[in-house]
Amino acid sequence: MSDEFFVLYAGKNKTEGYDTKFGFIVSKKVHKRAVVRNKIKRHLREAVKLYIKENDCAFMSVILKAKPASIEADFQTSLKSVNKLLSKLAIKFI
């Protein structure tokens, strides 16, 4: 699944005893400076942390990959995008 800012890849449904793992990919193709790439990763980490606090995750692994448009996105935009993608994923696998 994807939107204009991020692409979401998900693993299988979670079995008992395993925590959900999240991975974040921001390549040099998105931006050459590490400062900018790390800022996007921080936004993604915080957005996922807030999503997990409000909802239950039922997946083994989730990978969020940034697109070049995510450079201009502020935190609120990233938060909305991540919530939308993870909600779509939860509905798809229920």
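The values are calculated or read from the model by the stated rules, or taken from the named source; none is laboratory data. Computed from a predicted structure; not experimentally measured. Cβ coordinates were reconstructed from backbone atoms using ideal geometry, including for glycine residues, and neighbour counts include every protein chain displayed. Surface accessibility is based on the protein's heavy atoms, side chains included, excluding ligands, DNA and RNA. Shrake-Rupley method; radii C 1.70, N 1.55, O 1.52, S 1.80 Å.
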Problem set entry | Cβ-Cβ under 7 Å pairs, at least 6 apart or on other chains, the range 35-50 side without any contact (Cβ under 8 Å) to a residue 40 or more places away in the chain, far side crowded, with 20+ Cβ neighbours inside 10 Å and of a type in the set (Gly, Ala, Ser) | 40/66; 40/70; 43/78; 44/78; 47/78
For this session: Considering each residue of the range 1-51, count those that are open to solvent by less than 50 Å² (accessible area, probe 1.4 Å) and among the acidic types (Asp, Glu), and give that number.
Result: 1
Exercise. Can you name every residue in the range 54-83 that is over 14 Å from residue 9 (Cα atoms) and open to solvent by 60 Å² or more (accessible area, probe 1.4 Å)?
Worked result: 54, 55, 56, 68, 72, 74, 76, 80
Problem set entry | Answer from 66, 73, 10, 47 - the residue that is among the aliphatic types (A, V, I, L, M) and more than 13 Å from the chain's Cα centre (by Cα) | 73
